[in-house]
Structure formats: structure tokens, C-alpha cells
Amino acid sequence: MTDSSIQHTLAIFERTYNNLSPLVPQNISQNMKETLITMRGDENMTLEELEHTMIELCKQAWPYMRAFEDMYKVYEAELGDKLLQQKASHSVREKLQTFKELGGSFDDIYRGSVHEMFDFDERNELTQLLIDLKTDIRQHALQAIQSHDRILYDSKVEQYGNMIGEINNVIEDLHHFANEEEDDDFAQDIRGRARAIGQSLACLGPRMHMGEIRGSRSYYEGKKEERKLRRY
């Protein structure tokens, strides 16, 4: 299989699988693993088939991944700065404190906004600290979810599961809307939005907010009305 677009998409699929939260049910992660192996050996697979399969599998994992992501952010906000201060060397800790006093935040540190304050060795130290920090917070999140925060995590999984149901309805509705259109270009535009919504769930495109997804039908109804007005 030499098609570069297929290889690129398979690489995204593999990265998505490797980054699954350990809390994703085993049957879902195992199905993704087996499908990935099968697709890597399928010489006749098209990009469209690959994307469709990947999207459907990622939809199953999405509620668990988003729930864990939410919980991770909570623990990162609670522990990130504290752990960083504990593990940093004296010189790095002092400069981090100066950065905070100037109005910098922990998020700014992650984005690299603080790096110009450090020399080469200190930047290397800070980079490694941030990598280690992600691992520590992830482990803390896993332990907390499996114990005292399980109810909150499960409620988030249910919330995102309901959202997947709503997203599926939007995608199906867009396809019905497209099938009713006589203008092929406009119908393809609508189907393109449906595809983009699915891609956003599988790391194949930009993440779309629920408000944007929910407004898809009304957006194209508005465009359809505009087209009618232009014709008259």
C-alpha cells in the first residue's frame, strides 16, 4: 500500500489507538487494534473506506476519551503548578516564580511562552519536567477516577455518549437533506459538512464545537434560501 494519503490516515489511526485512555472498554480498544492490523494489510482499501471505518470506531471510544480529557484538565489545574515547583531546580523555580508574578499562567508555560527567560540547560530541564508532569498527572487522574471520582467520570461518559447520539442524528439528517437536493454541488457541500463532523471525532480534522454541529442543518437551510433569492 503506497498511497501517501492512506498511509498518513493509518498513522493517525495508530496514534489515536496508542493514545487511548486505559479506561476505554477493552472490547472497543481490542476492536480498534484488530481493525488497524487488518487495514494495514489491505492492499485494496480506499481512503474513503478507511476514514469511514476509523470514524465509526472512534465514535465508540470518543465518550471515554473526552470524559478522561475533562478529568485530566481538572487535575492539571489542581496539581500542575504545585508539582512543577516541587520538581524544578532552584534556578528554574525562581524564574518560574518571576514569570507568575508578571502575570504568566501554567498554560502559558505549556505553550512555551516562558522559554525566552531560560538558558539552554534550563529550557531542556523545563521541557523534560513538563513531559514528566503529563505522565504524573495522567497517572493521578487514572487512580482518582478508579476510586473517589468514579461517579463523576461515569456521568461525563454518559454525557458524551448522549452527545454522540445527537451527532449521529445530525450527520444522518444532513445526508437526508443532501439527497433531497437537485443541485449536485450544493448536495456535495452538505455531505462535506457531514464528513467533516465525523472527521472531527477521529482526529482527521479540526475539532468542531457542539454549537457548530447542531447548527449545521439551519446553516444549509439558510444557504439554500440565499440561493433561491439570488435566482430571483
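The values are calculated or read from the model by the stated rules, or taken from the named source; none is laboratory data. None of the values given here were measured: they were computed from a predicted structure. Methodologically, a virtual Cβ is constructed for each residue, glycine included, from the backbone with ideal geometry; neighbour enumeration extends over all protein chains shown.
Scanning the range 53-103 for residues that are within 17 Å of His148 (Cα to Cα) and among the hydrophobic types (A, V, I, L, M, F, W, C) returns Ala67, Phe68, Met71, Val74, Leu79.
Just so you know, in the range 214-232 the residues that are surrounded by 13 or more Cβ atoms within 10 Å (Cβ to Cβ) and small (Gly, Ala, Ser) include one that is nearest to Ala178 (Cα to Cα), and it is Ser216. Need pairs with beta-carbon distance below 9 Å; first residue over 18 Å from Leu79 (Cβ atoms) and within the range 99-114, second at pLDDT 75 or above and basic (Lys, Arg); sequence gap 6+ or separate chains. These pairs meet every condition: Val114/Lys95. When restricted to residues that are charged (D, E, K, R) and more than 19 Å from Ser200 (Cβ to Cβ), the range 157-184 contains 6. Considering (1) of a type outside the set (Val, Ile, Thr); (2) in a loop (DSSP other than H, G, I, E, B); (3) closer than 25 Å to Asn19 by Cα, the lone condition that Tyr160 does not fulfil carries the number (2). With respect to the numbered conditions (1) among the polar types (S, T, N, Q); (2) in a helix (DSSP H, G or I); (3) more than 17 Å from the chain's Cα centre (by Cα), which one is the sole condition not fulfilled by Ser147? Ser147 satisfies every listed condition except (2). Those residues that are at pLDDT 95 or above and touching a Ser or Thr at 6+ places or on another chain (Cβ under 6 Å), I need them from the range 175-228; list them, please. Within the range 175-228, just Arg193 meets the criteria.
When residues in the range 25-56 are screened for being buried (at least 17 other Cβ atoms within 10 Å of the Cβ) and in contact (Cβ under 8 Å) with a residue 40 or more places away in the chain, 5 of them pass. Please work out which residue is surrounded by the fewest Cβ atoms within 10 Å (Cβ to Cβ), limiting yourself to the range 171-213 and to residues that are of a type in the set (Gly, Ala, Ser) and closer than 18 Å to Glu56 by Cα. Among residues in the range 171-213 that are of a type in the set (Gly, Ala, Ser) and closer than 18 Å to Glu56 by Cα, the one surrounded by the fewest Cβ atoms within 10 Å (Cβ to Cβ) is Gly192. Note on the range 94-135: residues that are modelled with pLDDT of 85 or more, within 28 Å of the chain's Cα centre (by Cα) and either among the aromatic types (Phe, Trp, Tyr) or not in a helix (DSSP H, G or I) (or both) total 0. Scanning the range 55-79 for residues that are more than 17 Å from the chain's Cα centre (by Cα) and either over 26 Å from Gln159 (Cα atoms) or aromatic (Phe, Trp, Tyr) (or both) returns a single hit, Tyr75. All told, Ser218 falls short of being of a type in the set (Ser, Thr, Tyr) and closer than 24 Å to Thr53 by Cα. Of all residues in the range 1-52, those satisfying the criterion of being among the polar types (S, T, N, Q) and closer than 26 Å to Ile145 by Cα are Thr16, Asn18, Asn19, Ser21, Gln26, Asn27, Ser29, Gln30, Asn31. Across the range 3-24, what is the number of residues that are exposed (fewer than 12 other Cβ atoms within 10 Å of the Cβ) and touching a residue at least 40 places away in the same chain (Cβ under 8 Å)? Result for the range 3-24: 2.
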